[in-house]
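Report on the following structure.
The values are calculated or read from the model by the stated rules, or taken from the named source; none is laboratory data. Predicted model, so just to flag it, every value in this text is computed and none were measured. Here the Cβ positions follow ideal geometry from the backbone for every residue, glycine too, while neighbour counts run over all protein chains shown.
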Amino acid sequence: MTLVDDDGIWRNIAIPSRIYSTYSPDRPLAGARFTLKDIFRLKGIKTTMMSRAFTALYESEQENAEYVTKLLDLGAVIVGKTKMTQFASSDEPTDQWIDYHCPFNPRGDMYQSPSGSSSGAAASLAGYSWLDYDIAGDCRSHIVPGDPSLN
């Protein structure tokens, strides 16, 4: 079994041990666990934009976004991608999430829904104590593959 389905959705989260990461001045993020909002390119993983149609049309990424490569060079460990509103639009949970259900908000009174296109990023940081950082972002809703702003 692989960690990723054919459609680019992660099946499991592999949590690497920090034992194998050694801090040094040139690798200050050694062992830090990161997730990425699903608009950002990660080599070998499909960018789904939380759209089944988009996922069906595009293959896995052939390269990382430039800053993702920089994070990896600094020692960061990417453990997955987080859900977002479809095409990073301003959908309101839960009735406007079309292809995938919005993430559960682990904070508050358990009835508050997450909102905004980076809701998966916020929910993952709130829900997983072992996660250190998430790369989210404020973006346009008309992002297309190869868009230079995603480098």
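Output yes when any residue across region 60-67 is surrounded by 15 or more Cβ atoms within 10 Å (Cβ to Cβ), touching an Asp or Glu at 6+ places or on another chain (Cβ under 9 Å) and in a loop (DSSP other than H, G, I, E, B), and no when none is.
First pass over region 60-67, keeping only residues surrounded by 15 or more Cβ atoms within 10 Å (Cβ to Cβ): 61, 64-65.
Narrowing the set further to residues that are touching an Asp or Glu at 6+ places or on another chain (Cβ under 9 Å) leaves none.
No: zero hits.
Against the conditions (1) crowded, with 20+ Cβ neighbours inside 10 Å; (2) at pLDDT below 80; (3) not aliphatic (A, V, I, L, M), THR94 satisfies every one except (1).
Take VAL4 and tell me if it is modelled with pLDDT of 90 or more and at negative phi.
Against the criterion (modelled with pLDDT of 90 or more and at negative phi), VAL4 does not qualify.
Only residues that are free of Cβ contacts under 8 Å to residues at least 24 places away in the same chain and either within 19 Å of CYS102 (Cβ to Cβ) or charged (D, E, K, R) (or both) were counted across region 54-72, and they come to 4.
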